[in-house]
Amino acid sequence: MNASVSNLSKLRRILGALPAFFLFMPSAFAQVVDFKPAVDYPVGSFPVGLVAGDFDGDGIEDLVAANEGDNNLSILLGNGDGTFQTATTISAGDGSAGLAAADLNGGGTLDLVVGNLFDGNIGVFLGNGDGTFQAPVDYSTGSFSRSIFRSSVRERPRQ
C-alpha cells in the first residue's frame with residue numbers, strides 16, 4: 001500500500017513540475033512571431049461565415065464572406081502578397097450564414113454552399129473559375145440552416 005502511495009506522490013511531483021518548466025523555458029527555445037499590421041477589408045453587414053479557396057484559378061487564396069445582415073456574399077480575390085482586392089457582392093438567401101467550398105460538380109473549379117438561416121435552405125453556387133458564380137440552386141433543409149460542414153462521403157471498400 002505504501003508503495004502505491006509513494007508512486008502517486010512521485011507522479012504528482014513530476015506533473016506539478018511540468019507547468020513550471022514550460023513557464024520558465026529557456027529563451028533559446030522561444031521563437032518570435034512577427035506579424036504585419038492588420039488590414040481591414042469592408043464586407044457586408046454582420047459577416048458570420050468565411051471560407052478561403054482559389055475561386056479564380058490563379059493559384060492564390062481568395063476569401064468569401066457570408067453577410068447575414070445583407071443577405072449576400074462578399075468575394076475578395078487575393079493579390080498573392082497577403083492582401084485582397086475590394087470585395088464584390090452577389091445576392092444570397094435570407095440570413096446567409098454558413099459557408100463551405102468544394103468542387104461539387106467535378107468541373108475543376110470551387111463551388112460554394114451557403115446556409116440560409118431564415119429561408120430554411122442551402123444555396124449551391126457553381127463556380128465559373130474566374131471568381132464569379134452562377135445563380136444559386138436552392139435545396140430545402142427545413143428551418144434555420146446556419147452551419148455548413150464539408151466532408152467526403154465516398155464509399156470506401158470493405159476490407
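All conditions but one from (1) surrounded by 10 or more Cβ atoms within 10 Å (Cβ to Cβ); (2) at pLDDT 90 or above apply to ASP40; the one that does not is (1).
Residues that are acidic (Asp, Glu) and within 13 Å of LEU63 (Cα to Cα) within segment 99-114 comprise just one, ASP111.
Among the residues of segment 100-108, is there at least one that is in a strand (DSSP E or B) and within 19 Å of GLY69 (Cβ to Cβ)? No - not one qualifying residue is present in segment 100-108.
When GLU61 is tested against the conditions (1) open to solvent by less than 70 Å² (accessible area, probe 1.4 Å); (2) modelled with pLDDT of 95 or more; (3) over 17 Å from ASN116 (Cα atoms), the lone failure is (1).
Among the conditions (1) modelled with pLDDT under 95; (2) of a type in the set (Gly, Ala, Ser); (3) more than 13 Å from LEU50 (Cβ to Cβ), GLY80 misses just one, which is (1). Here LEU50 qualifies as open to solvent by 60 Å² or more (accessible area, probe 1.4 Å), closer than 28 Å to GLY142 by Cβ and in contact with a Leu (Cβ under 7 Å, 6 or more places away or on another chain). When segment 85-129 is filtered for residues that are buried (at least 20 other Cβ atoms within 10 Å of the Cβ) and without any contact (Cβ under 8 Å) to a residue 24 or more places away in the chain, only ASP111 remains.
The values are calculated or read from the model by the stated rules, or taken from the named source; none is laboratory data. Being a predicted model, the structure only gives us computed values, none of them experimental. Positions of Cβ are backbone-derived with ideal geometry, glycine not excepted, and every protein chain shown enters the neighbour counts. Side chains are part of the model used for accessible areas, which takes the heavy atoms of the whole protein and leaves out ligands, DNA and RNA. Shrake-Rupley method; radii C 1.70, N 1.55, O 1.52, S 1.80 Å.
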